[in-house]
Amino acid sequence: MEELAATPKKNMGQLLVVSSLIFGMFFGSGNLIFPVHLGQMAGSNWFMAAFGFAISGSLFPLLAIMAVVVTKSDGLLDLARPVGRHYAAIFLILVHLTIGPFFATPRTAATAYQMAVEPFIPKSFSTMGMLLFTGLFFAIAYLAAMHQGALLKIVGKYLNVGFLALLAIIFLIAFIKPMGNLSQAPTATYQANATIGGMLEGYNTLDAVALLALSVTLIHAIRGLGYRGRDLTKLTAKAGILSISLEVIIYFGLVLLGAMSMSELKLSANGGVALSQIVGHYFSNVGTLLLGALVTLGVLTTAIGLISSFAQDFHKLFSKISYRTWLRVTTILSFCVANAGLDTIISWSLPILMLMYPLSLALIFLSLTVSKRPYAGIVYKVTIAFTILPAILDMLANSPAVITSFGPIQSLLALYHGVIPFASIGLGWLVPTFIGFAIGLLWGRLRWASQRGTVPESNRL
């Protein structure tokens, strides 16, 4: 009966508000700090590096939104269910732990603290300052997530507008008075494979993985406006394209800022330091305050979306535990992990990203291509089966030295990098995934045809 629901009056204002909600939900700490550092590393090859970053940081998230729209899934559990009920549950848990209390959500508060508070307090008070700041940060995020009816208004109309206004000021001043030219030599990674390097750097944003889960909160918010059925699908698609387009512009601007800064600055340890130095160059202490406000506004919107989505999906999976209880669980865990510090959180996340991205991208691809086919389940299962092993090997290859130095693992990784195409550059899952897709597609069509007592024309002699 969803299609028969009253259609709300369409207007550009609602499209812009929903676009702002999508943008605010996933444009957070990583989306600010990683592009700037990428620009510093890419130097004169900044454009191709930014192009690669836009693929993984913008195109992949857009495809994730469209995967949810095309399949009409009511969350990540539904989206992954064709692979199998148990796989869907495990995948949902892994995704939400990755974008939730283990990595992405704590990173929002840790980044905000490092850039908005730490520069203004003595080092001796750093630990206490971190505890107080992250406690307040997650208390605000929790209260906002508790009032889901007001989520669209809070994120779309207030926090996000302030974030974009502050970012526009920084871009305007920096491009009027650039720090330098774009002739700086790139680091080794970006000399020959700038696009691939930029794409892998974009993994750090976690957006393609996050959008598979955050779409739950998004759909609930749009339904709150009265949209149902096809109107909901159309509005989501249009708003997604609009918000992702804005993100691409911001990414290129941030990468360009980083590349120009190398005429005045040395290569920074991370993007947070780089962005602080760049803004400090133009605005001194006032710039530091401005940057702190910008980052805090941006990452708070992301944190609200992340903890809401975690609670909604875990309540769906474990229905005996209430939404409010799951909200408290993820908020408290995120608070604890955030106090480990930004550098620790980033170092922990890389191996998990190399596992989760191939599995997420394979699921997105399957959702967009075969989800409507009667034999879709077979294609899903075979494709994911071919993706899992290289994803695990990519995870091992990017693990700490205590793991990669183990003899058998070294031998296994050497064989993997030597035999599988693109494995040496972190994309070893690509070819196996497409092989699995082709096998699954052929197998599925033949099995479906045999059950119907016919053979598809394309398979006839």
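Rule-based calculations on the coordinates, nothing more; no lab input. Predicted model, so just to flag it, every value in this text is computed and none were measured. Cβ coordinates were reconstructed from backbone atoms using ideal geometry, including for glycine residues, and neighbour counts include every protein chain displayed.
Below, the figures for the structure above:
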item	result
Burial ordering of D207, D78, fewest other beta-carbon atoms within 10 Å first	D78, D207
Column: log10 I(q)/I(0), Debye, Cα scatterers of the range 370-461, q = 0.16, 0.18, 0.20, 0.23 Å⁻¹	-0.70, -0.79, -0.88, -1.04
Value of [θ]222 nm, deg cm²/dmol, for the chain, DSSP H segments ≥ 4, -39500 (n - 2.57) each, nearest 500	-24500 deg cm²/dmol
Virtual paramagnetic centre 7 Å along Cα→Cβ of S319, amide N under 20 Å, in the range 191-224	216-217, 220
Percent of Cα-Cα distances greater than 18 Å, calculated over the range 246-363	70 percent
Potential lengthening between F125 and A185 on full extension [0.36 nm per residue; Cα-Cα distance subtracted]	17.6 nm
The chain: Lys pairs at Cα distance under 25 angstrom, eight or more positions apart or on different chains	28
Burial ordering of V329, V382, fewest other beta-carbon atoms within 10 Å first	V329, V382
Label-point separation, F283 to T369 (7 Å along Cα→Cβ), nm	4.5 nm
Size of electric dipole in the range 372-461: Cβ of Lys, Arg +1 and of Asp, Glu -1, about Cα centre, debye, nearest 20	560 debye
Cβ-placed point charges (K, R +1; D, E -1), dipole of the chain about Cα centre in debye, nearest 20	1360 debye
Signed unit charges on C-beta, dipole axis of the chain, positive-most listed residue V379, M128, V337	V379
Label-to-label distance, nm, for residues given as L442 and L15 (7 Å Cα→Cβ offset)	4.5 nm
Inter-label distance for I176 and K238, nm, one decimal - labels placed 7 Å from Cα along Cα-to-Cβ	3.6 nm
